[in-house]
Amino acid sequence: MFPIERPRRLRKNETLRALVRETHIRLDQLIYPVFVRPGTGMKLPVSSMPGIYQWSVDLLTDHLEEIYEQGIRSFLFFGIPAHKDAEGSEAYSPEGIVQVALQTVKKRLPEAVLIADLCLCEYTDHGHCGILRGNDVDNDMTIDILAKTAVVQARAGASIVAPSDMMDGRVAAIRHALDQAGFQDIPIMSYAAKYASGFYGPFREAAENTPSFGDRRAYQMDPANRLEALKEVLLDIQEGADMVIVKPAMPYLDVLSDVKNSVQIPVAAYQVSGEYAMIKAASQLGWLDERRVVEESLLSIKRAGADMIITYFAPLFAHWMQQK
Ligand code: PBG
């Protein structure tokens, strides 16, 4: 008798396929990144990310309320400040744009998980993720400012802070500062394995954080390295990270899988702006079936080991789920 094994038996129809399906995407494990800027009545399209906008707080709050109703419950906040300076002082100003957004959204959606991206690159006039000494980002001066910013974000209503700067020792510094200020219960979700990636291209337009000189390779990871990701992740956990992020997602599924198999805390993957833009562009040209490809990309990320996915597709995916 040939063939002896017939795996096709379990693929015969959709009901049977659903019965044996190993991986599922859940709306309550998707995190939607948003860009907020000063002003009112503003919804400015980001041209390299169709469907993504820079919002003023009022319209953002309405938008998030609508999406919350559709089942997306976690949001990641990026701010475009009114004013940038060498220290990135709007990052830690109590009146800074992200703080205002956190306060406002928290009032409207008290149960939502509001994650504050914790980095200086949107707030510095030079666009680097920390304080410059000469042409280099000074690690230890930067982590002091990050720690201070984390406390201000927590005070404004952040449920979680998410450091994305890749400075050494920042998780310990942030944990210490939060504890000192009475925020022992605020978790840290660290971008632990964050690569110096070309896939962040469209984000630079969305968040207006392009470095005015040089690049981020002196602090973000080299795309060629796999073992180093585990080192970064384990260090962040030792320092007190409650969750870790691997970023980008699809080009780094090997790293994601390694991390998932090495840690006992929740692991998130960030499907970044360039991953979003590629799918959007090819779909608009009719070269890819958007819905199929988005579902498949999210499934691949889950299958590789992500517990949570940070994705700009969250609202669209929720919309498709409602149609089903
Ligand atoms: C930096 C930051 C970046 C992203 C998230 N946080 C950009 C960078 O490191 O240059 C990129 C996210 C994306 O591309 O979607 N704070």
When residues of region 151-164 are limited to those that are more than 12 Å from the chain's Cα centre (by Cα) and part of a loop (DSSP other than H, G, I, E, B), the one surrounded by the fewest Cβ atoms within 10 Å (Cβ to Cβ): G157
Pairs where the first residue, in region 188-205, is modelled with pLDDT of 95 or more and aliphatic (A, V, I, L, M) and the second is assigned to a strand (DSSP E or B) and within 8 Å of the ligand (Cβ to nearest atom), C-beta under 8 Å, 6+ apart: A193/K247
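Quick one: which residue in A181, A162 is touching a helix residue (DSSP H, G or I) at 6+ places or on another chain (Cβ under 8 Å) and modelled with pLDDT of 95 or more?
On the way: A162 fails: touching a helix residue (DSSP H, G or I) at 6+ places or on another chain (Cβ under 8 Å).
Unique residue meeting the criteria: A181.
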Subset of region 251-273 [part of a helix (DSSP H, G or I) and buried (at least 20 other Cβ atoms within 10 Å of the Cβ)]: Y252, V255, L256, D258, V259, S273
Residues within region 164-188 that are of a type in the set (D, E) and in contact with a Lys or Arg (Cβ under 8 Å, 6 or more places away or on another chain), tallied: 0
Hey, A101 among the aliphatic types (A, V, I, L, M), buried (at least 20 other Cβ atoms within 10 Å of the Cβ) and under 26 Å from D168 (Cβ atoms) or not: no
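Is it fair to say V113 is more than 19 Å from P38 (Cα to Cα) and of a type in the set (V, I, T)? Break it down into steps so the answer makes sense when it comes.
Values: more than 19 Å from P38 (Cα to Cα): yes; of a type in the set (V, I, T): yes.
Yes.
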Test: residue in region 137-150 that is in contact with a helix residue (DSSP H, G or I) (Cβ under 9 Å, 6 or more places away or on another chain), in a loop (DSSP other than H, G, I, E, B) and either farther than 22 Å from V255 by Cα or within 12 Å of the ligand (Cβ to nearest atom) (or both): no
Given (1) out of contact with any strand residue (DSSP E or B) (no Cβ under 8 Å at 6 or more places or on another chain); (2) hydroxyl-bearing (S, T, Y); (3) assigned to a strand (DSSP E or B), number of the condition Y68 does not satisfy: (3)
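How many residues, within region 71-87, are in a loop (DSSP other than H, G, I, E, B) and either among the β-branched types (V, I, T) or within 17 Å of Y312 (Cα to Cα) (or both)? Write out each step before concluding.
Taking region 71-87 first, the residues in a loop (DSSP other than H, G, I, E, B) are 71-73, 80-84, 86-87.
From what's left, either among the β-branched types (V, I, T) or within 17 Å of Y312 (Cα to Cα) (or both): 71-73, 80.
Number of matching residues: 4.
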Qualifying residue in region 151-171 (condition: over 27 Å from G51 (Cα atoms), of a type in the set (K, R) and within 15 Å of the ligand (Cβ to nearest atom)): yes
Test for G130: is it under 21 Å from the mean Cα position of the chain (by Cα), within 16 Å of the ligand (Cβ to nearest atom), surrounded by fewer than 22 Cβ atoms within 10 Å (Cβ to Cβ) and not acidic (D, E): no
Residue that is within 22 Å of A147 (Cβ to Cβ) and either part of a loop (DSSP other than H, G, I, E, B) or modelled with pLDDT of 95 or more (or both), where the choices are E90, E22, E111: E90
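Which ones in region 25-45 are part of a strand (DSSP E or B) and in contact (Cβ under 8 Å) with a residue 12 or more places away in the chain?
Of everything in region 25-45, those that are part of a strand (DSSP E or B) and in contact (Cβ under 8 Å) with a residue 12 or more places away in the chain turn out to be L30, I31, Y32, P33, V34, F35, V36, K43.
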Residues located in region 180-232, provided they are more than 15 Å from the ligand (Cβ to nearest atom), part of a loop (DSSP other than H, G, I, E, B) and of a type outside the set (D, E): A181, G182, F183, Q184, I186, P187, A224, N225, R226
Any hit, region 116-126, residues being more than 20 Å from G240 (Cα to Cα), away from the ligand (no atom under 16 Å from the Cβ) and either modelled with pLDDT of 95 or more or in contact with a strand residue (DSSP E or B) (Cβ under 7 Å, 6 or more places away or on another chain) (or both): no
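The values are calculated or read from the model by the stated rules, or taken from the named source; none is laboratory data. Only a predicted model underlies this, so the values are computations on that prediction, with no experimental measurement involved. Here Cβ is always computed from backbone atoms with ideal geometry, including for glycine, and neighbour counts include all displayed protein chains.
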